[in-house]
Amino acid sequence: MSKNVNIQYLGETFTLPANAVQSDNKGVTNYIYMGAKNTASIIKQYVKKKYGDRITVWSNSEVYSGGSSVRVNVWNKSGSKVPYKIYEDINTFSESLKGGSFDGMYDIYNCREDNVETNNGTPMKYFPSYIFVSNDPKWDSVEYWLSNWKKFDPTNYHCKMVGNTLWEQFVNLNSSFWKKGTLEKLQKHMKELETELTKLGYTEKKLMKVA
């Protein structure tokens, strides 16, 4: 028996674990269980299918007492924010998989009342309560630290910087937050960038400003 099942939603095909297909009415009616984990997976698949490798996407799910949530981060491979039009498309798709909305005026959560189905009419149920889509790299990812490196300015910090170069100062300031392997990945990126810029004719003096 296959461990996965394919479903079609809004004209796209997505893969979920086989146990996403569940039944109610004493086993008579099938439905797709759209918990936070399955929803996070579908959103990530959507971004990959539509925009390919030019956009990096992270999707994480969380289940807690009284509800669940999905957090999605998207980031351009070029090291910048995703174009607003693309971000809006991803956000709109994600919103279609949310279980309802919070009404801040009355401090209540309103569950959606519409019927959501796959393309072949199978009901989709039990969506996460909240979905947050951010046009920023995920915290503590290599992309997150690279974006911080691009904005790094020692004069913005009220502490003495340790290191002879800007890169050394940046590493000494932030490395205590990094998980294992982050420094090596950042150093690899910096080396590749230096190689590319050298091929373009940048001098060592110019490299100190760019890299």
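The values are calculated or read from the model by the stated rules, or taken from the named source; none is laboratory data. Remember, it's a predicted structure, so these values are computed and weren't measured experimentally. Positions of Cβ are generated from backbone atoms using ideal geometry, with glycine treated the same way; all protein chains shown enter the neighbour counts.
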### Query
If only one of LYS150, LYS160, LYS85, LYS77 is modelled with pLDDT of 95 or more and among the charged types (D, E, K, R), which one is it?
LYS85
#### Entry: Unique match (being of a type in the set (A, V, I, L, M), surrounded by 14 or more Cβ atoms within 10 Å (Cβ to Cβ) and modelled with pLDDT under 95) among VAL142, VAL116
VAL142
### Task
Output the residue which, of all residues in the range 170-185 that are under 24 Å from the mean Cα position of the chain (by Cα) and part of a helix (DSSP H, G or I), is nearest to TRP139 (Cα to Cα).
PHE177
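Among the residues of the range 120-127, are any crowded, with 18+ Cβ neighbours inside 10 Å, in contact with a helix residue (DSSP H, G or I) (Cβ under 9 Å, 6 or more places away or on another chain) and not assigned by TED's automatic domain parsing to the domain that holds MET190?
Yes, some residue in the range 120-127 is crowded, with 18+ Cβ neighbours inside 10 Å, in contact with a helix residue (DSSP H, G or I) (Cβ under 9 Å, 6 or more places away or on another chain) and not assigned by TED's automatic domain parsing to the domain that holds MET190.
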### Task
Could you list, in sequence order, all residues of the range 62-95 that are among the small types (Gly, Ala, Ser) and surrounded by fewer than 18 Cβ atoms within 10 Å (Cβ to Cβ)?
SER65, GLY66, GLY67, SER78, GLY79, SER80
#### Entry: In the range 50-60, the residues that are surrounded by fewer than 19 Cβ atoms within 10 Å (Cβ to Cβ) and closer than 28 Å to GLU113 by Cβ
ASN60
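In this structure, does LYS188 turn out to be out of contact with any Leu (no Cβ under 9 Å at 6 or more places or on another chain), of a type in the set (Lys, Arg) and not in a helix (DSSP H, G or I)?
Details: out of contact with any Leu (no Cβ under 9 Å at 6 or more places or on another chain): yes; of a type in the set (Lys, Arg): yes; not in a helix (DSSP H, G or I): no.
For LYS188, the condition - out of contact with any Leu (no Cβ under 9 Å at 6 or more places or on another chain), of a type in the set (Lys, Arg) and not in a helix (DSSP H, G or I) - is not met.
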